[in-house]
Amino acid sequence: MWGMIATWRMAVEGVTKGCEMLKEGGNAGDAIETAVREVEDFPYYKSVGYGGLPNEEMEVELDAAFMDGDTLDVGAVAAIKDYANPVSIARRLSHEKVNSMLVAEGAEKFAHKEGFERKNMLTDRAKAHYRKRVKEIKQQELKPYSGHDTVGMVCLDAHGKMTAATSTSGLFMKKKGRVGDSPIVGSGFYADSKVGGASATGLGEDLMKGCISYEIVRLMKEGMHPQAACELAVTRLDQELKERRGVAGDLSLIAMNTKGEWGVATNIEGFSIAVETEELEPTVYLVTRQEDGHCTFEVASQEWMENYMKTRMAPIEE
Ligand code: SD4
């Protein structure tokens, strides 16, 4: 069995491309890197890679990670600027015994030395989003952080290897140097080829409080199906946060186990995922959370898919 699952609709083209490799017996490391790069390279996805939204100072600082579920090797970069594919730098770092997580200038130096492609990641479109948001925040007290999607993926290849990877520009209007859950092992992602993998999107500051990706893998290790594990972990963390702090940020999770079974859970409206397995063609699902914490999902309609692209590519009215 092989398969790949990812956060948000924007991942489906990448998942499709990665799964082409899995079909041919390709390995989960190459497939997930290819899949994430596809999302990073698409300029209209405004929260990952090229075209990603900038921080408060109008700089695009990116976070990304890679984990090999066979060896438990982890590599990550945080707050890296001016490099085209942070996930590839993270994967390269995962081969290092020490210094496998680098931030900002250190990460850039490493990427330069290793010959990774330099690129100005701030597009005119992202600048327009920035200016518009600055205006909206002033006028309507809008939350600066709303409207942000991170790509997180879990992959299983036909040889039984599992990987996880993430890539994001973090929260829009974040402070310079702010790092979220996405490059943090156990919070934004985790993969263990003996059990399965999980990945997160949402408010990093809250996702990290539950080390939630590790928690899901732990629950799967105890015998839970990925769906039950995701629902339990999200419900518990959501409740804990509300009990202790009055509010819980956005928490959305995906997972897959060694059999290619998968699961998803969220505490928000409007979460979507992309999945493909040996038995399932590339599919986008819209996820709905029930009052009791259970999550159901339905295949996104053609109309929803078309509308998604239209709104992503529409001109920005400033
Ligand atoms: C972060 N978790 O940097 C990321 C943001 C995100 O959908 O997932 N947005 O906190």
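Things worth noting here:
- Among 122, 42, 304 the positive-end extreme of the charge dipole of the chain (Cβ point charges): 122
- Farthest toward positive dipole pole in the chain [+1 Lys/Arg, -1 Asp/Glu at C-beta], among 18, 210, 191: 210
- Ranked by the mean number of other Cβ atoms within 10 Å per residue, highest first, peptides 286-293, 84-91, 263-270 order as 84-91, 263-270, 286-293.
- Counting Lys and Arg as +1 and Asp and Glu as -1 over every other residue whose Cβ lies under 14 Å from the Cβ of residue 314, the net charge comes to +2.
- Using only side-chain charges placed at the Cβ, +1 for Lys and Arg and -1 for Asp and Glu, the dipole size of segment 1-104 relative to its Cα centre rounds to 200 debye.
- Each peptide in 297-304, 118-125, 10-17 receives the mean, over its residues, of other Cβ atoms within 10 Å, and ordering these scores from highest gives 10-17, 118-125, 297-304.
- Using θ = phi - 60° and Karplus 6.51 cos²θ - 1.76 cosθ + 1.60, couplings along segment 269-277 (whole Hz; Gly, Pro as x): 8, x, 7, 10, 9, 10, 9, 9, 9
- In this Cβ point-charge picture (+1 for Lys and Arg, -1 for Asp and Glu), the chain has a dipole of about 1000 debye about its Cα centre.
- In a DSSP loop and with at most 11 other Cβ atoms within 10 Å, the GluC sites (Glu not before Pro) in segment 115-220 are 117, 141.
- Eligible lysines near residue 23 by straight Cα distance, threshold 20 Å, same-chain separation 8 or greater: 161, 259
- On a per residue basis, the convex hull of the C-alpha atoms belonging to the chain measures out at 127 Å³.
- Proximal charge balance of residue 234 [Cβ under 13 Å; K/R count +1, D/E count -1]: -3
- Overall form of segment 263-318 per C-alpha gyration tensor (a/c, 1.5; a/b vs b/c): oblate
- Sites matching trypsin sites (Lys or Arg not before Pro) across segment 159-242 that sit in DSSP coil, with at most 14 neighbouring C-beta atoms within 10 Å: 175, 176, 194
No value in this document is a laboratory result; all are computed from the given coordinates. Predicted, not measured: the structure shown is a model, and the values here were computed from it. As a convention, Cβ positions derive from the backbone with ideal geometry for all residues, glycine included, and neighbour counts pool all protein chains shown.
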